[in-house]
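Please read the structure below before turning to the comments.
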Amino acid sequence: MTDEQSGRGGAPPLLELTGVSKSFGGVTALRDVDFTLYPGEIHGLVGENGAGKSTMMKIIAGVHHDFEGVMKIRGVETRLRSARDALASSIGMVHQELSIVPELSVAENVFLGKQPLTTLGIVDWPRMNREAKALIASLGLDIDPAAAMGTLPVGLQQLVELSRVLFSGAQIIILDEPTSALSPPEIRQLFDVLRRLRSEGRSIIFISHFLDDVLAISDRVTVFRNGKKVITDETRKLTKDAVIAHMIGRGSIDMHMGEDAMLAGDDSKPVVLSLENVGDGRTLHDFSIELRAGEITGVYGFMGSGQIELARALFGKLPLRRGSVKLDGKPVRFRSTAGARKAGIAFLPENRQMMLFRTEPVFKNVSIAILDRIHRLLVKPAEEKRITEGHIKDLQIRPPRTEIALGSLSGGNQQKVALAKWLTHLPKVLVLSEPTRGMDVGAKEDVIRIVKSLRDKGVAILVLSAEPETILTLADRVTVMKKGTVARQFSSGKIEKADLLAAA
Amino acid sequence: MRNIAPVITLIALVIFFSFASSTFFTLDNAFNIIRQLSITGIIAVGLTYVILTAEIDLSVAAVANAIGITVAYFTIQPDYVNIANVPMQGWIAVILALLAALAIGLVTAGGITIIGIPSFIMTLAMMQIANGMSALLVRGQIAYSYPEIVTTLGSGTAFRIPIGVDAAGKAAFIPIGWTIIVCLAFLVAGHIVLKYTRYGRYIYMVGGNREAAEYSGVNVKLIIGSVMVICAMCSGVAGMLGVAYFGSAQQNQFDTFLLDAIAAVVVGGTSLFGGRGGIGNTIIGLLVLGVVNNGLDHIQIDSFLKILIRGLILLAALIINIYAQKLRESG
Ligand SMILES: Nc1ncnc2c1ncn2[C@@H]1O[C@H](COP(=O)(O)OP(=O)(O)O)[C@@H](O)[C@H]1O
Ligand SMILES: [Mg+2]
């Protein structure tokens, strides 16, 4: 086995799993998986959504303890019972779904449960803030430790969580999709930190859908498909094409997808929604855009450039203080999300958890947005399930069941359910914030196909993203957003990734 | 109902009191328990709605008191009652009292949804305001007369169930009061709305995940505002029937109803975090509460100790609920 031979300098493995299987009820998430991690290595883990990556990591981090197979830490067979157990074995994990407390300050989140105390036994705030700041600065970040965690962008929240894991002294650090929400400079900083940790002899498991990132940072890569390990190999022996082929189990796809695009803005199409010089009094100012029926308008910008606010303002979640909004030529002002929905606006936020009910069955998740159109007074679950079954078929949601709790679906399938909410009665305007973030190639293609088919049915679509690839694969026109306002607009001709990066 | 822990608690309590007292497990006493619960039951229906949306209403008892006094205020009182009141026709008095409850509910709803005051604080203020209304209307006096419909529903007998003959050889009956019928009507209607209507679905979804409901285009503020109004109306009706049931309307008469109503909802297994539970749970919770209150009166212990024991039993019921829930979620 090449696995065993590639140990760094012949050092014994730090972590070794053999024959691990795990199922949730009827769903098998992992089948007979072997995995080794050596001291001082960065180990990339890739695979489509639902391949079992997070489940495997949760086993290592002590979150799931009823699994089959053997886990050895430093050669000793161990079964971790909790995250606390894992920490005692110096294993720390930054979860895909963050476990921060948004109301608490950054410093409190870093030291959660371990706040430094004064001799009087009360929390030593100055010291806590000082140490948190230093710890965060060591990650190359400049964040106010007293700011409420919830006010930071998701990407930064993840880095703060990483600093908490580092503070705990973990030797095995698991990062589940840490770069999904980061801007390029932030990713570079993160990579510097990871290399430094590696040079200290710590080991890192790094999960990401950005294959370029994985190939750039890791020493070895493991590919999962359908709950099985397909291959583990040294990164230098792998190419992006080869990894993709292992991931999807079929021939490679067009590698240049999303590098450039031909825009096809058509001014003869009717304007559905127009914003003129709108501002929210904080982040957004003097922003104008026109959305046309049957077109996808892309808004590109780094995180924090105001896209989040723009999307919320359009859906009635954030009040606009300046400028005018016109829908079908008539001035409108949305005071609530309900008002926006009734006017024909649909919205998919960047974090799908925000619009999903994890413990409720899939059909109730789908029907909540259309209850007033399908029921008068009484609810008819049979009707809701029939509609949901149609969406499950169209969108190929797996597993194809209306009654299972939404939380047991994989991320890509959850995203499809979120999208399905708005598809029973087509909206006039569909606002999509990071529609493909954190998704694997297969699910991404599905979502792109669905969005394009909605455009062809005449919906005016707005896609907001900090990933140039997303914008370039979808948009018919592009607005680049910078510091809350329009930096540049492209409506026809060929544009490249570099054009977007240059304008932002 | 997904959680059977409250049912087991109820059965255990019934078995315990049946062995501890010979007078507890009788048909007569069973109806006694139900009669004692009916006013609390009406309040608990409204409170179930509020708690399902993860809000709270601490003003229920004070509002019941104020509305009970309001309806008396608009009714002719006997000569010996020394209140400068404004008598009206019975149905007008009832409508005015209901409007007062509506107004209280709307103010609470507005404070929470428009201004953004947490319900805990808003209803605490409302409790004080409603107590103030009561105080001003009766000024330390007691009123005894109510519109006829209120008297009937609060203290009248709807029908009698024959139960054979008593010791003296005469036919014996158990009287079923109108309050029981009204309470049942509220419970049934409350259940149907929650489980089978669109509005009920919204309540569960808003309670389950408010943010997700909002991002799905649900008018969350409208739902939360409306449950506060429903709760005030339930309290108002309970208050009117309550004063008739007690036979007098005076200040601080409903004080024990706040904790009883909250305890009934929560002991029944409805989650204070919203989204889980319902009227079925509340009925079980009411019965647990009724059995504890009534059962303790049937056994020979220090009556001052009873208050403590009652608290401990309720605490135990809550602990059992939480463990049962955890067991189910992990299993
Ligand atoms: N807590 C859970 N309950 C039920 N099923 C789950 C749970 N967590 C994951 N799964 C299922 O296990 C499979 C693997 O999921 P996951 O490990 O999250 O995939 P990945 O992280 O590779 O996208 C999926 O089919 C998912 O639906
Ligand atoms: Mg995952």
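Quick check, is B:Ser134 in contact (Cβ under 8 Å) with a residue 24 or more places away in the chain and in a loop (DSSP other than H, G, I, E, B)?
Numbers: in contact (Cβ under 8 Å) with a residue 24 or more places away in the chain: yes; in a loop (DSSP other than H, G, I, E, B): no.
It is false that B:Ser134 is in contact (Cβ under 8 Å) with a residue 24 or more places away in the chain and in a loop (DSSP other than H, G, I, E, B).
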Boolean, A:Leu275 is open to solvent by less than 40 Å² (accessible area, probe 1.4 Å) and away from chain B (no Cβ under 14 Å):
yes
Just for region A:402-422: of the residues that are away from ligand 2 (no atom under 16 Å from the Cβ) and either of a type in the set (Asp, Glu) or surrounded by fewer than 22 Cβ atoms within 10 Å (Cβ to Cβ) (or both), which one is nearest to the other protein chains (Cβ to nearest Cβ)?
A:Ala405
Flag for A:Leu472 being in the same structural domain as A:Gly339 (by TED's automatic domain parsing), more than 16 Å from ligand 2 (Cβ to nearest atom), crowded, with 18+ Cβ neighbours inside 10 Å and closer than 22 Å to A:Gly323 by Cβ
no
Being over 24 Å from the mean Cα position of the chain (by Cα) and among the β-branched types (Val, Ile, Thr) is the filter; apply it to region A:75-114 and report the residue that is farthest from A:Ala146 (Cα to Cα).
A:Val76
Does A:Thr28 count as within 22 Å of A:Gly407 (Cβ to Cβ), touching a residue at least 12 places away in the same chain (Cβ under 8 Å), within 25 Å of the chain's Cα centre (by Cα) and buried (at least 21 other Cβ atoms within 10 Å of the Cβ)?
no
Going through region A:295-337 in order, the residues found to be buried (at least 24 other Cβ atoms within 10 Å of the Cβ) and assigned to a strand (DSSP E or B) are A:Ile296, A:Thr297, A:Gly298, A:Val299, A:Tyr300
Given the conditions (1) outside any helix (DSSP H, G or I); (2) within 17 Å of the chain's Cα centre (by Cα), every one holds for B:Ser145 apart from (2)
The helices (runs of 4 or more DSSP H) lying wholly within region A:32-117 that contain at least 3 residues that are within 27 Å of A:Asp233 (Cβ to Cβ) and within 16 Å of ligand 2 (Cβ to nearest atom) are A:53-60
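Taking only region A:266-280 into account, find how many residues are part of a loop (DSSP other than H, G, I, E, B) and closer than 20 Å to A:Ala487 by Cβ.
1
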In region A:373-396, anything modelled with pLDDT under 90 and β-branched (Val, Ile, Thr) is listed as A:Ile374
Restricting the search to region A:340-350, which residues are open to solvent by 10 Å² or more (accessible area, probe 1.4 Å) and within 8 Å of chain B (Cβ to nearest Cβ)?
A:Arg341, A:Lys342
Read through the list (1) away from every other protein chain (no Cβ under 14 Å); (2) open to solvent by 20 Å² or more (accessible area, probe 1.4 Å), then give the number of the only condition that B:Gly208 fails.
(1)
If you scan region B:2-21, which residues turn out to be at pLDDT below 90 and open to solvent by 40 Å² or more (accessible area, probe 1.4 Å)?
B:Arg2, B:Ile4
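Please enumerate the residues belonging to region A:47-91 that are more than 14 Å from chain B (Cβ to nearest Cβ), on the phi < 0 side of the Ramachandran plot, within 16 Å of ligand 1 (Cβ to nearest atom) and open to solvent by less than 40 Å² (accessible area, probe 1.4 Å). Explain how you work it out, then say what you get.
The initial filter retains those residues of region A:47-91 that are more than 14 Å from chain B (Cβ to nearest Cβ), namely A:47-62, A:67-80, A:83-91.
Then keep just the ones that are on the phi < 0 side of the Ramachandran plot; that gives A:48-49, A:51, A:53-61, A:67-68, A:70-73, A:76-80, A:83-89, A:91.
Right, trim to within 16 Å of ligand 1 (Cβ to nearest atom) and you get A:48-49, A:51, A:53-61, A:67-68, A:83.
Once the filter is applied, which keeps residues that are more than 14 Å from chain B (Cβ to nearest Cβ), on the phi < 0 side of the Ramachandran plot, within 16 Å of ligand 1 (Cβ to nearest atom) and open to solvent by less than 40 Å² (accessible area, probe 1.4 Å), region A:47-91 yields A:Asn49, A:Ala51, A:Lys53, A:Ser54, A:Thr55, A:Met56, A:Met57, A:Ile59, A:Ile60, A:Ala61, A:Phe67.
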Which residue is farthest from the chain's Cα centre (by Cα), if the candidates are limited to region A:353-376 and must be touching a residue at least 12 places away in the same chain (Cβ under 8 Å) and open to solvent by 40 Å² or more (accessible area, probe 1.4 Å)?
A:Arg373
The conditions are (1) over 30 Å from A:Leu318 (Cβ atoms); (2) within 11 Å of another protein chain (Cβ to nearest Cβ); (3) at pLDDT 95 or above, and A:Thr337 fails exactly one of them. Which is it?
(1)
Select, from B:Ile115, B:Ile92, B:Ile121, the only residue that is of a type in the set (A, V, I, L, M) and closer than 22 Å to B:Val237 by Cβ.
B:Ile92
Matching residues, region A:377-393, being surrounded by fewer than 17 Cβ atoms within 10 Å (Cβ to Cβ), in contact with a helix residue (DSSP H, G or I) (Cβ under 8 Å, 6 or more places away or on another chain) and either of a type in the set (Lys, Arg) or within 7 Å of another protein chain (Cβ to nearest Cβ) (or both):
A:Leu377, A:Leu378, A:Lys380
Scan region A:428-448 residue by residue and report those that are over 19 Å from the mean Cα position of the chain (by Cα) and surrounded by fewer than 21 Cβ atoms within 10 Å (Cβ to Cβ).
A:Lys428
Any residue at all in region B:146-158 that's aromatic (Phe, Trp, Tyr) and closer than 30 Å to B:Leu27 by Cα?
no
Here the residues within region B:206-257 that are closer than 27 Å to B:Ile95 by Cβ, part of a helix (DSSP H, G or I) and in contact with a Ser or Thr (Cβ under 7 Å, 6 or more places away or on another chain) are B:Ile223, B:Ile224, B:Gly225, B:Val227, B:Met228, B:Ala232, B:Leu241, B:Ala244, B:Tyr245, B:Phe257
Is at least one residue of region B:58-71 at pLDDT 95 or above, among the hydrophobic types (A, V, I, L, M, F, W, C) and farther than 19 Å from B:Gly154 by Cα?
yes
In the set B:Ile176, B:Ile181, B:Ile203, the lone residue that is in a helix (DSSP H, G or I), crowded, with 16+ Cβ neighbours inside 10 Å, β-branched (Val, Ile, Thr) and touching a residue at least 12 places away in the same chain (Cβ under 8 Å) is B:Ile203
Can we say A:Pro178 is part of a loop (DSSP other than H, G, I, E, B), within 16 Å of ligand 1 (Cβ to nearest atom), on the phi < 0 side of the Ramachandran plot and more than 14 Å from chain B (Cβ to nearest Cβ)?
yes
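Hey, can you tell me all the residues within region A:196-227 that are within 16 Å of ligand 2 (Cβ to nearest atom) and not polar (S, T, N, Q)? Before the answer, list the steps.
The initial filter retains those residues of region A:196-227 that are within 16 Å of ligand 2 (Cβ to nearest atom), namely A:205-211, A:213-214, A:222-227.
Passing the criteria: A:Ile205, A:Phe206, A:Ile207, A:His209, A:Phe210, A:Leu211, A:Asp213, A:Val214, A:Val223, A:Phe224, A:Arg225, A:Gly227.
The values are calculated or read from the model by the stated rules, or taken from the named source; none is laboratory data. Values in this document were obtained by computation on a predicted structure and should not be read as measured data. FYI the Cβ positions are ideal-geometry reconstructions off the backbone, even for glycines, and counts take in every protein chain you see. The area values use the complete protein model at the heavy-atom level, side chains included, leaving out ligands, DNA and RNA. Shrake-Rupley method; radii C 1.70, N 1.55, O 1.52, S 1.80 Å.
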